[in-house]
Amino acid sequence: MNMKMPHIGRFAAGPLNAITDVAGVTVGHATLDAGDVQTGVTVVRPHQGNVFMQRVPAGVAVINGFGKSVGLVQVEELGVLETPIALTNTFAVPAVSAAQIRQCVKDNPACGRDLPTVNPLVLECNDGYLNDIQQMAVSEAHYLEAYALAQSRFAQGAVGAGRGMSCFKLKGGIGSSSREVAVSASKRYRVGALVLANFGQLANLTVAGCAVGKDLAALPHVESHGADKGSIILLVATDAPLDARQLHRLAVRAGAGLARTGSFYGHGSGDIALAFSTAYTLPQDVLNDLYEVALLHDNLLNDVFEAVADSIEQAILSALWHAQTLTGRQGHQRLSLLDALAGLPLERRPHWC
């Protein structure tokens, strides 16, 4: 089915329409695809240096706290990232956390001795419908593989941590987007988003303002039952010079983009947003100054807020758009959005089909 993905909002996308349009940000995947094992790891690196020694400012918003992530409490308290962001399945959190700690100690032998202990940051969704999560197949090697493969161009859909994820009872996974914003005549910035999409009830699915979910849920070959559960991780990157307080405000706006797609943050859905800035770093060394840039004024944030909501909505759509129909654990299957739309009569297809 030949369809062009609709563009969300009034701002232009960056060259790649991905979170990596924010300079320095890279993304890598390790994908496990072996019968009942359909899972993986995705790593987002905020810059190419030593993140433990050159931390980046960050803010977190827990929209619905049904989740088993590691590291969020310290990010909320201190407002910094000191490892890459790792995404994986629920039962893989301990293995990936251990991998981050070992990597940091190897690169920084004083960690936990002369320097503070590292705060690993691993965020998760439950891919147990398509993946045999009890096998705990993700290992330290998969984290290191995803880390090593991180680059500006990366795959989306059923890859990495998104391999076994479901979204609106369709095939979900990794999605990304970006927006370019001019907050004044002399200040132009980029906002990028990346999501691990694993949430939603099909009947509620809204794509670019079109309530397509109800029609899709009526198709006999599409599963539509079940609660809104499963979770989504919403990541926002920007090169705008913002502090942790302002980045928390950006993270909150990610919920607006999520809601537009038809989510109401169901009881069993862990919905966590994290925003970070690449405009400056916060050194681990106490002899160095923490701030070396002028921060963007709060009164100039409105367009940035709008770009966050738009890029998150676009990233969720991109996850659905790029995912392919997949059969996993015990024959469980999730149709892709495009395969599901192809089952609609021509007169019932959205205007952008």
If you go through ARG102, ARG188, ARG163, ARG113, the only one that is of a type outside the set (Gly, Ala, Ser), in contact (Cβ under 8 Å) with a residue 60 or more places away in the chain and either surrounded by fewer than 24 Cβ atoms within 10 Å (Cβ to Cβ) or out of contact with any His (no Cβ under 6 Å at 6 or more places or on another chain) (or both) is ARG163
key: LEU274 open to solvent by less than 20 Å² (accessible area, probe 1.4 Å), touching a residue at least 40 places away in the same chain (Cβ under 8 Å) and either under 19 Å from VAL122 (Cα atoms) or in a strand (DSSP E or B) (or both)   = yes
Discussion item. Condition first: in contact with a helix residue (DSSP H, G or I) (Cβ under 9 Å, 6 or more places away or on another chain), among the charged types (D, E, K, R) and free of Cβ contacts under 8 Å to residues at least 60 places away in the same chain. Can you find one or more residues in the stretch 311-330 that meet it?
Written reply: no
Checked LEU326, LEU290 against criteria (under 25 Å from GLY49 (Cβ atoms) and either surrounded by fewer than 21 Cβ atoms within 10 Å (Cβ to Cβ) or at pLDDT 95 or above (or both)); the one match is LEU290
Among (1) over 16 Å from the mean Cα position of the chain (by Cα); (2) within 24 Å of ILE312 (Cβ to Cβ); (3) crowded, with 24+ Cβ neighbours inside 10 Å, LYS214 falls short only on (3)
Residues of the stretch 110-128 being farther than 14 Å from ALA98 by Cβ and in a loop (DSSP other than H, G, I, E, B), in sequence order, are ALA110, ARG113, ASP114, PRO116, ASN126, ASP127, GLY128
Being in a helix (DSSP H, G or I), hydroxyl-bearing (Ser, Thr, Tyr) and in contact with a helix residue (DSSP H, G or I) (Cβ under 6 Å, 6 or more places away or on another chain) narrows TYR147, TYR143 down to just TYR143
Heads up, the strands (runs of 3 or more DSSP E) in the stretch 1-96 (entirely inside) with at least 3 residues that are open to solvent by 10 Å² or more (accessible area, probe 1.4 Å), more than 14 Å from VAL236 (Cβ to Cβ) and not aromatic (Phe, Trp, Tyr) are 26-34, 54-64
In the stretch 257-271, anything part of a strand (DSSP E or B) and open to solvent by 10 Å² or more (accessible area, probe 1.4 Å) is listed as GLY268
When restricted to ARG245, ARG253, ARG249, the only residue part of a helix (DSSP H, G or I), at pLDDT 95 or above, surrounded by fewer than 16 Cβ atoms within 10 Å (Cβ to Cβ) and out of contact with any Ser or Thr (no Cβ under 8 Å at 6 or more places or on another chain) is ARG245
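Being part of a loop (DSSP other than H, G, I, E, B), hydrophobic (A, V, I, L, M, F, W, C) and open to solvent by less than 30 Å² (accessible area, probe 1.4 Å) is the requirement here; does LEU219 meet it?
yes
The values are calculated or read from the model by the stated rules, or taken from the named source; none is laboratory data. All figures in this text were calculated on a predicted structure; none of them were measured in a lab. Glycine gets a Cβ as well: all are built from the backbone with ideal geometry, and neighbour counts include every protein chain shown. With ligands, DNA and RNA removed, areas are computed over all heavy atoms of the protein, side chains included. Shrake-Rupley method; radii C 1.70, N 1.55, O 1.52, S 1.80 Å.
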